There are 2 protein chains.
Amino acid sequence: MVKIGQRQTRQRSIIHDIIMESDRPLTIANLVTLAQKRQAKIGQATVYRTVNALIEAKEIQAVQMPGGEALYEKAHLHHHHHFKCNNCGKVYDLPGCPDGIDLKKFLPPRFSLTAHEFTFYGTCAECA
Amino acid sequence: MVKIGQRQTRQRSIIHDIIMESDRPLTIANLVTLAQKRQAKIGQATVYRTVNALIEAKEIQAVQMPGGEALYEKAHLHHHHHFKCNNCGKVYDLPGCPDGIDLKKFLPPRFSLTAHEFTFYGTCAECA
DNA sequence: TTCATTGCAAAGTTTTTGCATCTTT
DNA sequence: AAAGATGCAAAAACTTTGCAATGAA
């Protein structure tokens, strides 16, 4: 069990577990629905507060999609990127990073790089 | 003068020009401020409606940043990506695409790719 | 018992919509 | 004159906050 904030509560534990057990990033709406299956009365505010606390604690991270929707996933140990299916709308993790990128040539002079995030679009295997 | 919708209006022309003349993507707030400098009474709703119409018309495109903010820029003829400076917060266009990416190896089996969007973070030349 | 956390409802934010009025054609 | 576009304000959608009640330690 993970400690978030000062006290261990059933609500936080449930929300934490749902994210850790998911193989894909989830929206707030997803989390509310899934959490309420495990315990009827979980307020939206609790989900928002817990998600923000988990981000603060670096347990999870936000994935911002074009269009504006935010998804949340476990803070991965390994660098990875995302793929959104244009057909079913699901967002998948793509482990690793494409090989052979020549960033030196790509960046303007005197720009330095600390991070990057790639988002890919297309059709997933399920929808193919 | 560009035609958006059925009629040419001063408001649409102003908003269109601001985006076309900018070398960086702009937020809705940026657009409202800049537009009101050229003509006092431009309602926010008009900016939103015009931006949506311009996107629909493929004249401009949205750039979604992590954290949730959306920026708008001219629909480029050439494929490009974005760089956000962690220091000043400005978003820059990076023309072109990094060379030598091996996407075949990167995508899972039976996933097909139609588009991609890269976002880079770091320090820009101005802030270096 | 104490005080962090919760649920609910109220208050913020941001974006969209309804409608009377104004403008383009 | 007809109909699209505007500005304003109301509404909708999403997130945060205040507060009394609950529950973990």
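The values are calculated or read from the model by the stated rules, or taken from the named source; none is laboratory data. Every value quoted in this text rests on a predicted model; they were computed, and no experiment measured them. Reconstructed Cβ throughout: ideal geometry from the backbone, glycine too, with neighbour counts over all protein chains shown. For accessibility, only protein heavy atoms count, side chains too; no ligands or nucleic acids. Shrake-Rupley method; radii C 1.70, N 1.55, O 1.52, S 1.80 Å.
Here are the numbers for this structure:
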item: Pairs where the first residue, in region B:10-34, is within 17 Å of B:LYS90 (Cα to Cα) and the second is within 13 Å of DNA strand D (Cβ to nearest atom) and among the acidic types (Asp, Glu), C-beta under 7 Å, 6+ apart; result: B:THR27/B:GLU69
item: Selected residue (criterion: farthest from the other protein chains (Cβ to nearest Cβ)) from residues of region B:77-106 that are open to solvent by 20 Å² or more (accessible area, probe 1.4 Å) and closer than 22 Å to B:ALA29 by Cα; result: B:GLY89
item: Enumerated strands (runs of 3 or more DSSP E) restricted to region A:1-111, each holding at least 1 residues that are of a type in the set (Ser, Thr, Tyr) and more than 12 Å from DNA strand C (Cβ to nearest atom); result: A:70-74, A:91-95
item: Residue in region A:51-66 that is surrounded by 14 or more Cβ atoms within 10 Å (Cβ to Cβ) and out of contact with any strand residue (DSSP E or B) (no Cβ under 9 Å at 6 or more places or on another chain) present; result: yes
item: Among the candidates A:GLY43, A:GLY68, A:GLY89, residue that is near DNA strand D (Cβ under 10 Å from one of its atoms), at positive phi and of a type outside the set (Asp, Glu); result: A:GLY68
item: Yes/no for B:ALA35 being crowded, with 16+ Cβ neighbours inside 10 Å, within 16 Å of DNA strand D (Cβ to nearest atom) and farther than 30 Å from A:ALA128 by Cβ; result: yes
item: Check on A:GLN44, modelled with pLDDT under 90 and away from every other protein chain (no Cβ under 14 Å); result: no
item: Search result, residues across region A:73-128 that are farther than 14 Å from B:PRO108 by Cα, at pLDDT below 85, over 18 Å from the mean Cα position of the chain (by Cα) and aliphatic (A, V, I, L, M); result: A:ILE101, A:LEU103
item: So A:TYR72, is it more than 7 Å from chain B (Cβ to nearest Cβ) and either under 25 Å from B:THR27 (Cβ atoms) or open to solvent by 50 Å² or more (accessible area, probe 1.4 Å) (or both); result: yes
item: Sole exception among (1) touching a Phe, Trp or Tyr at 6+ places or on another chain (Cβ under 6 Å); (2) open to solvent by less than 50 Å² (accessible area, probe 1.4 Å) for A:THR114, by number; result: (2)
item: Test set (1) of a type outside the set (Lys, Arg); (2) open to solvent by 40 Å² or more (accessible area, probe 1.4 Å); (3) farther than 18 Å from A:MET20 by Cα; (4) in the same structural domain as A:ILE19 (by TED's automatic domain parsing) - A:PRO109 fails condition number; result: (4)
